[in-house]
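The block underneath contains the structure these notes are about, expressed in structure tokens.
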Amino acid sequence: MKNIYILAGALFLSTGLMAQNKDTKEADKLYDRLEYVDAAKAYSKLVEKGKADGYVYKQLGDSYFNVFNTKEAVTWYAKAVETQQDAETHFRYAQMLKAEGNTKAADAQMEQFAKMQPNDARAKAFKNNPNYLAQLKNQSKQYDAVKSDISSDKADFGAVLTNSNELYFASARNTARKESGMDDQPYLDIYKATRNADGTLSQATEVVELNTRWHDGPASISSDGNTIYYGSVSFNEGEFLKDKGKKLKLGQIYLYKATKDGDKWAKGQALSINNKEYSIQNPSISKDGKTLYFSSDMPGGLGGHDIWKVSVDGDTYGTPENLGANVNTEANESFPSIQDDDVLFFSSNGRQGFGGYDVFKQ
């Protein structure tokens, strides 16, 4: 769960009535760079020095929200809402309370959120069905989840199985890599493993020809196994946004495409739909190879990150199409996975679930 928050790539900027000041400058810079662990430490020092206010408490809550540290997020959101906050802070607080199992307190925060944003789809869903958690818990079990044979003690996620029984996934297991300021884990790389006849997994190895000095992955493979789409960072193209006031270079997540060259992959090429103004990530290619699904915070969406799709014709791409309110909310949707039967699985932290990102299908 933690890493879904991180790789969703959303920069959760909310504007409470308290504001940045000279005391929060360094902590704010870390937060703006998505270095949430270090940002939380910096904001905590302000608390220790008696320089905290509603803004600092909110930023602490958001920092822990973004790495799915629910216990710490609840602690600081509780202090934040003692002052006047924006609606989204109450919503995030509710999500963390639900994840901690405190349903009653979560409902109270959702009531406040609904009062402040009555036209928000999340507020309407809550008001129409406030006791949905009991219904979810009574659902029949559909899957058995067990730890895989190749799991590490770091982030491992975004697994896709090819027709040749190769499993591609993103992992932070390479401890020789530089650590990310997001979560103090090594930068992500793309790995692949072998699915054996008995269903076990083995021989997890790095896909060295695709990995860069930045985060790489997760990936999606075409049905013939000859094309891979994957995420990496716009810095690879020398593209980023400059925030001169904060002296920051802000990169985006871009999508890349590579084709098989013998037993290896040729160099990946950035897709033409990438844009340094927003991220495009978490690809999933349809069985016929004609539609690429992805998540993005590009303009025209319903919330932070939405699920989109775009037509594919060789190296030509159509105009991205938002999947609309049947999938997306005013919050964040990510990690689309289109199945051979055209059922779409995706993650959302804006729909009625157990708190944070849950898996849904359409």
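A quick yes/no check of all residues on (1) free of Cβ contacts under 8 Å to residues at least 60 places away in the same chain; (2) out of contact with any Pro (no Cβ under 6 Å at 6 or more places or on another chain); (3) β-branched (Val, Ile, Thr):
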| site | (1), (2), (3) |
| --- | --- |
| Tyr57 | yes, yes, no |
| Leu60 | yes, yes, no |
| Ser63 | yes, yes, no |
| Phe68 | no, yes, no |
| Lys79 | yes, yes, no |
| Thr83 | no, yes, yes |
| Thr103 | yes, yes, yes |
| Ala106 | no, yes, no |
| Pro118 | yes, yes, no |
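Within segment 65-97, track down each residue that is in a helix (DSSP H, G or I) and surrounded by fewer than 24 Cβ atoms within 10 Å (Cβ to Cβ). Can you show your working first?
So the first thing to find is which residues in segment 65-97 are in a helix (DSSP H, G or I), and the list is 65-66, 70-80, 87-97.
Within segment 65-97, Thr70, Lys71, Glu72, Val74, Thr75, Ala78, Lys79, Ala87, Glu88, His90 qualify.
Restricting to segment 229-249, and then to whatever is open to solvent by 30 Å² or more (accessible area, probe 1.4 Å) and assigned to a strand (DSSP E or B), can you tell me which residue is modelled with the lowest pLDDT? Spell out the reasoning first.
Within segment 229-249, the subset open to solvent by 30 Å² or more (accessible area, probe 1.4 Å) is 235-247, 249.
This time we only want the ones that are assigned to a strand (DSSP E or B), so: 241-243, 249.
On the way: Leu241: 87, Lys242: 85, Asp243: 80, Lys249: 83.
Looking at residues that are open to solvent by 30 Å² or more (accessible area, probe 1.4 Å) and assigned to a strand (DSSP E or B), I get Asp243.
Just to be sure, is Tyr357 among the aromatic types (Phe, Trp, Tyr), under 19 Å from Ser222 (Cα atoms) and touching a Ser or Thr at 6+ places or on another chain (Cβ under 7 Å)? So that I can check it myself, show each step before the final result.
Working: among the aromatic types (Phe, Trp, Tyr): yes; under 19 Å from Ser222 (Cα atoms): no; touching a Ser or Thr at 6+ places or on another chain (Cβ under 7 Å): yes.
Criteria not met by Tyr357.
Looking at segment 250-261 only, could you name the residues that are farther than 23 Å from Val343 by Cβ and part of a strand (DSSP E or B)? It would help to see each step written out before you state the result.
Residues of segment 250-261 farther than 23 Å from Val343 by Cβ: 250-254, 256-261.
If the condition is that a residue be farther than 23 Å from Val343 by Cβ and part of a strand (DSSP E or B), then Leu250, Ile253, Tyr254, Tyr256, Lys257, Ala258, Thr259, Lys260, Asp261 are the ones that fit.
From the list Glu48, Glu26, which residue is more than 22 Å from the chain's Cα centre (by Cα), of a type in the set (Asp, Glu) and within 20 Å of Leu250 (Cα to Cα)? Break it down stepwise before answering.
Numbers: Glu48 fails: within 20 Å of Leu250 (Cα to Cα).
Answer to the selection: Glu26.
Does Ala114 fit the bill of being farther than 30 Å from Ala155 by Cβ, open to solvent by less than 40 Å² (accessible area, probe 1.4 Å) and touching a Lys or Arg at 6+ places or on another chain (Cβ under 7 Å)? Don't jump to the end; show me each part of the working.
Values: farther than 30 Å from Ala155 by Cβ: yes; open to solvent by less than 40 Å² (accessible area, probe 1.4 Å): yes; touching a Lys or Arg at 6+ places or on another chain (Cβ under 7 Å): yes.
In short, yes.
The values are calculated or read from the model by the stated rules, or taken from the named source; none is laboratory data. What you are looking at is a predicted structure, and each value in this text was computed from that prediction instead of being measured. Note: ideal-geometry Cβ built from the backbone for every residue, glycine included; neighbour counts use all protein chains shown. Just the protein is used for accessible areas: all its heavy atoms, side chains included, with ligands, DNA and RNA removed. Shrake-Rupley method; radii C 1.70, N 1.55, O 1.52, S 1.80 Å.
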